[in-house]
Structure formats: structure tokens, C-alpha cells
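Working notes for the structure below.
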Amino acid sequence: MSLAVQFQHVTKQYGSFEALKGISFEVEEGAFFGLLGPNGAGKSTLINAMSGLLVPSGGAIKVHGYDVIQDYRQTRRLLGLVPQELIADPFFTIRQLLELQSGYFGIKGKEQKQWIDELLERLALADKADAITNQLSGGMKRRVLIAMALVHKPRVLVLDEPTAGVDVDLRHTLWEFTKELHQKGHTIILTTHYLEEAEALCEKVAIMQRGEVKALDTTSQLLATHPFRYVRVAVENRNTALSMELKTRLVEDDNAGYLFRLEKEQSMSDMLGMLHHSGIAVKDVRTRDATLEEVFMALTGAAQA
Amino acid sequence: MNNFNAAGCWALFVKEVKRFYSVSVQTIFAPVVSTLLYLLVFGQVIDTQIEVFSGLEYSQFLIPGLVMMAILQNAFANTSSSLIQSKMHGNLTFALLSPISPFEFYLAFIAASVVRGLAVGVGILVIGVFGFDLSFNSPLWILLFAVLSAAMMGGLGMLAGILSDKYDHLAAFQNFIIMPLTFLSGVFYSIHALPAIWQQASHLNPFFYMVDGFRYGFFEQSDVSIGLSLLVTLFFLTLISAINLILLNKGVKIRK
């Protein structure tokens, strides 16, 4: 499998602040790749460095073997970025913006007009094609950004928090469209705060924190290596005090009962024994594996997993 | 592959022209009207009282200067306002993500500022020829100075747009640098009418050479030689272009 993107010891400094501390990893061609991390982890900085919106302080980034600094014309043709910030242009309609953007890439003609029509149709923008972007809602602006990123048919699509502030319907539309692009062979790189989305969509994820990669693996492997599974216990008697060994395993305590974490090698009978010793009358027990959010929080220390 | 992206450069140029054309009342007609007001007030009222060059009425002297002042100010306004607006709205990102080189970016913006400067200049001249006795002795000099000066001011506007983080910065650049230099560039007077020290000071103002060279094209009289004016204009155009290209290549305040 050839490589779509290679990050090689990428650094970015703002004065004494190191936004990226020597990031190195690769994204394979055709992958659906998730770039996760808390706010300020450096995800957008890395994506912007790849897209040419900022100049890295050191290292190299290659897209399909081309260097983003030396061979920027090739890499920008290969990349389509949906930026995180919403963008408006008070002078042009959506269709005009798409035509102008095509022009920047030197693409014109009947075929391109058809592609623009298709994008407008697929992203439910056809009836707003002649509207100025300033007049659009946030969700519409987000769709325009996706159309702009796809107008030159890039092989790698980078989506920086594409569903932030977007309603449920549109979120589903966007993911369906993105999955379709992935099936057609596009490499997708995604940053998102919605970890359940990343878990459902991404085959591989990198988790970043404070400018470093904390974890890089397939989503299934990351979930598999998490040391705990989770036990949801519905109880009859909520006022019973928990034993010390249960307290150390307690993750959540709400009206429905308790959520405990349990080492994978421990059996359910051990868990039931602990509940029994605390005098808890168990109404129902359900177990599940860790979610990506729990893996994420364990790795970034955002909360006790 | 790293050859000139002519199609991309052209598309950006077209976008910039369409941008100012879509608000042409503000970008073309308003400066034409305000310049004609200058002409009305200064030209008609003072016309009979001053003779700047021998055999030349004051209004004949004034019109080329006013035209050049309008060209300079509008060429500057085009690049500077477009860049700062694009930065504020974020839509500069679209051009930055495209395979357009810093030189192509520069060329497209400067060419559009020249078009706007010339559109305003031609607008004033078209109305001017109906009311005043204008001669166009050397049209090539007129065109050459109009284009080079507009390009230089477009470049200065780009520099201001790149360096400004907000509209306030741009306003400071415009009000404290561009306006004084254009008003003190001999638009309204011949520098020979000034005291010696102010004549010397005027020679330090690059805009003076642009106005003087442009005026030469109309009635073949000028304060300094046409060759010197051309040299100074070319020098500043080259200097401003070089500074802009260095900043664009480094991505200063654009590619953060």
C-alpha cells in the first residue's frame, strides 16, 4: 500500500511555545484516518502545515511523495482541506466561488461545470447556488467549504472538525458523503471532537496531546489494548456503601446505578462477588468494551478512565 | 509542473476585478465624482488667477495631477482593502490552498489594482475633456506613467494589507502616509512655486515624480526631466515589488 501523507519530524514554534514537537507518522493511501486530541493538542496546526496555510519550523511533510514546501503545486492539487473556521465572501455567490476556485487550479470547461453542479446537488446547495455566502447559515457555510475543498477532485480530503456546530441531519449527510468518497478511493483525514464518530468511521487514529503523538494504531487495536472493560450495574438499594475495591473501580454513579471498570482478565463472578460483599442487590448487569472516548481520556489524562 | 500557473493567476485577477466592479459605485464612480469636485473648486475658481507654466491655464495644469492622484489612491485602496477584507472574512484561505505561487498572487492583485486605477483615471479624463481644453501630446508617456504608478501603488497597498491586522492599521497607513504624500506631490502646484527648502523636500517624495512624469505626457512641460521621473518610478516599483515578494514567499502575516 503506498503512502498518502508522511509527517517527518514536523515542528512548529511560536516564540518559545512548541506547538508541534517533532511529529512523525504516516497515512496510507485510501485510509480513513482520525486525528484526535484535546483543544490545543496541535491537530489544526499539523493540518494547516500540510495544506500550506502555515510554514512549519522544521521537518518535512510529503503528500503522495511530494514535499509540501518544494512541490507545493503538486501537493495542493492532491489535497482538499475543509478548514475548521467558517469562511464567508461578501462579493460572490456559491457558484461563482466554486468557479473561481476551479480557475485557481486551472480547471474549466463543461466537465467541470457538471462537477460543480453535482457538488451543489450532493451537498444540498443547489437551491442556494446563487446566494452570497454571507447570507447562509453556519451549516450551509460548512457545506460550501466542503464543496470548495472537493472542487479540484483531490485524492486526499482533510476535514478539520467538519461537524462542529452542525445539526444531526447535516452531520449524517456529511458522513454519508464522506464515506462514499472513501469508498471511491479518496484518503480521508479527519479531526473531530465527536469520538463516537471517529470510532465508527476511522480505521486508524493518532491521538495527539501538547504537540506530540501519544498513540497511533488501528482503532480496533487501540480499543483492544485498553486494560479495562465496563460493567453497568442497575441496583435495588442505592444507599448501600460501596466497598473499597468497588470504589476504586467506580467510573459513574447516577440514578440508574453504577458504572464500574473491570480489568479484562478478571471474571464477571469476581465482580458479582464484590457487589455481593457490599450488600448490593443487583437488578441488572450489562458489560461492554471500552469506547474510543475512554481510551482517549486514559491516554490524554483528560479524566480517570 | 512548477511553471507559471497562467490560468490560476488569470482567475485570481478576474476575481479581483469582479470584486471591485461589483461595488463600482463606491470604487469607481465615487472617486470620479470627488475628483471632479476638486477640479470644480480649484480649477474654475482659481483658473484665471494663476499661471503655473507659460501659456497654460491652471485647470489644464491641474487635471493631469488630479487624475494621477485618483489613480494612485484607488490603486492603493484596491489591493489594501481586498487583502484586509479577505483576511478578516477568512476567504484568503481559498487562494492560499490553491497552486498559485507568490509571484502569480502578486501579479494578479497588482494587475487588478492597475485596472481600477485606470478605470477611475479614464472616468475623470472623459468628463474632463468636455469641460476643459486638454491636450494629449504624448499618449504613450501618459499610459506608461499611469500603469507604472498604479502598479507601484497597488504594491504599496498590498504591503499595507499584508502588514495590517485590522482596519485601524490600514487607516493609519492611508491617512498618515499615502494622503500626505499624494497631496504634497505637486498635484495642485508646480514645485517651482515653493520656497527652496520645500522644493528640496518635494524631490524626496516618490509620488512627485509620478505626477510630474504623467503631466509631461499631456503638455510636455515638467518640473524635472521625464527620464528622471521614469527612473524613480521604476526604482520604487521594483523596490516595493521585491519587498512584497519576499513577504509573500516567507508567508509573513498570511501563512501563519
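When region B:177-188 is filtered for residues that are farther than 16 Å from B:VAL67 by Cβ and surrounded by 15 or more Cβ atoms within 10 Å (Cβ to Cβ), the ones remaining, listed by number, are B:ILE178, B:LEU181, B:LEU184.
Within region A:253-284, the set of residues being more than 18 Å from A:GLU236 (Cβ to Cβ) and in a strand (DSSP E or B) comprises A:ARG261, A:LEU262, A:GLU263.
Here is the figure for region A:275-295: residues that are surrounded by fewer than 19 Cβ atoms within 10 Å (Cβ to Cβ) and either among the aromatic types (Phe, Trp, Tyr) or under 19 Å from A:LYS247 (Cβ atoms) (or both) total 7.
For A:GLY185, the conditions (1) surrounded by fewer than 20 Cβ atoms within 10 Å (Cβ to Cβ); (2) in contact with a strand residue (DSSP E or B) (Cβ under 8 Å, 6 or more places away or on another chain); (3) farther than 24 Å from A:ASN39 by Cα; (4) in contact (Cβ under 8 Å) with a residue 60 or more places away in the chain are fulfilled apart from (2). For region A:140-152, state whether one or more residues are charged (D, E, K, R), surrounded by 22 or more Cβ atoms within 10 Å (Cβ to Cβ) and under 25 Å from the mean Cα position of the chain (by Cα). Yes, that holds for at least one residue. Filter region B:11-32 down to the residues that are in contact (Cβ under 8 Å) with a residue 40 or more places away in the chain, more than 7 Å from chain A (Cβ to nearest Cβ) and of a type outside the set (Val, Ile, Thr) and list them by number. Matches in region B:11-32: B:PHE13, B:GLU16, B:PHE20, B:PHE29, B:PRO31.
Scanning region B:145-185 for residues that are in contact (Cβ under 8 Å) with a residue 40 or more places away in the chain, under 24 Å from B:LEU204 (Cα atoms) and not in a helix (DSSP H, G or I) returns a single hit, B:SER185. All conditions but one from (1) at pLDDT 85 or above; (2) surrounded by 13 or more Cβ atoms within 10 Å (Cβ to Cβ) apply to A:SER220; the one that does not is (2). Only one residue in A:PHE17, A:PHE32, A:PHE25 is over 22 Å from A:LEU299 (Cβ atoms), out of contact with any Pro (no Cβ under 7 Å at 6 or more places or on another chain) and assigned by TED's automatic domain parsing to the domain that holds A:GLU180, so which one is that? Result: A:PHE17 is the single residue among A:PHE17, A:PHE32, A:PHE25 that is over 22 Å from A:LEU299 (Cβ atoms), out of contact with any Pro (no Cβ under 7 Å at 6 or more places or on another chain) and assigned by TED's automatic domain parsing to the domain that holds A:GLU180.
Selection over region A:191-218 of residues that are of a type outside the set (Gly, Ala, Ser) and more than 30 Å from A:GLN13 (Cα to Cα) gives a count of 5.
Output yes when any residue across region A:96-107 is at pLDDT below 95 and either in contact with a strand residue (DSSP E or B) (Cβ under 9 Å, 6 or more places away or on another chain) or over 24 Å from A:LYS43 (Cα atoms) (or both), and no when none is. No, every residue in region A:96-107 fails to be at pLDDT below 95 and either in contact with a strand residue (DSSP E or B) (Cβ under 9 Å, 6 or more places away or on another chain) or over 24 Å from A:LYS43 (Cα atoms) (or both).
Annotation: B:ARG215 fulfils all but one of (1) of a type in the set (Lys, Arg); (2) closer than 16 Å to B:ASN78 by Cβ; (3) in contact with a Pro (Cβ under 9 Å, 6 or more places away or on another chain); the unmet one is (2). Of all the numbered requirements in (1) over 30 Å from A:GLY40 (Cα atoms); (2) surrounded by 15 or more Cβ atoms within 10 Å (Cβ to Cβ); (3) touching a Pro at 6+ places or on another chain (Cβ under 9 Å); (4) not polar (S, T, N, Q), A:ALA298 misses one, and that requirement is (1). A residue that is at pLDDT below 90 and at positive phi can be found somewhere in region A:255-263. Does at least one position in region A:267-280 carry a residue that is assigned by TED's automatic domain parsing to the domain that holds A:VAL231, touching a strand residue (DSSP E or B) at 6+ places or on another chain (Cβ under 8 Å) and of a type in the set (Ser, Thr, Tyr)? No: zero hits. Taking region B:57-144 as the region of interest, the helices (runs of 4 or more DSSP H) fully inside it that hold 2 or more residues being away from chain A (no Cβ under 13 Å) and of a type in the set (Gly, Ala, Ser) are B:58-89, B:102-131.
Rundown of residues vs (1) surrounded by fewer than 24 Cβ atoms within 10 Å (Cβ to Cβ); (2) at pLDDT below 95, yes/no style:
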site	(1), (2)
B:ILE50	yes, yes
B:SER59	yes, yes
B:SER80	no, no
B:ALA95	yes, no
B:VAL115	yes, no
B:ASP133	yes, yes
B:LEU140	yes, no
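Is it the case that A:GLU118 is more than 8 Å from chain B (Cβ to nearest Cβ) and either on the phi < 0 side of the Ramachandran plot or among the aliphatic types (A, V, I, L, M) (or both)? The answer is yes for A:GLU118.
Output the residues belonging to region B:217-231 that are surrounded by 14 or more Cβ atoms within 10 Å (Cβ to Cβ) and over 14 Å from B:ILE191 (Cβ atoms). Answer for region B:217-231, where residues must be surrounded by 14 or more Cβ atoms within 10 Å (Cβ to Cβ) and over 14 Å from B:ILE191 (Cβ atoms): B:GLY217, B:PHE218, B:PHE219, B:ILE226, B:LEU230.
Quick check on this structure: which one of A:LYS108, A:LYS43, A:LYS113 is at the interface with another protein chain (Cβ under 8 Å from one of its Cβ atoms), farther than 15 Å from A:PRO154 by Cα and of a type in the set (D, E, K, R)?
Within the list A:LYS108, A:LYS43, A:LYS113, the selection yields A:LYS108.
The values are calculated or read from the model by the stated rules, or taken from the named source; none is laboratory data. Only a predicted model underlies this, so the values are computations on that prediction, with no experimental measurement involved. Quick reminder, even Gly has a Cβ in these numbers, built from the backbone with ideal geometry, and neighbours come from all protein chains shown.
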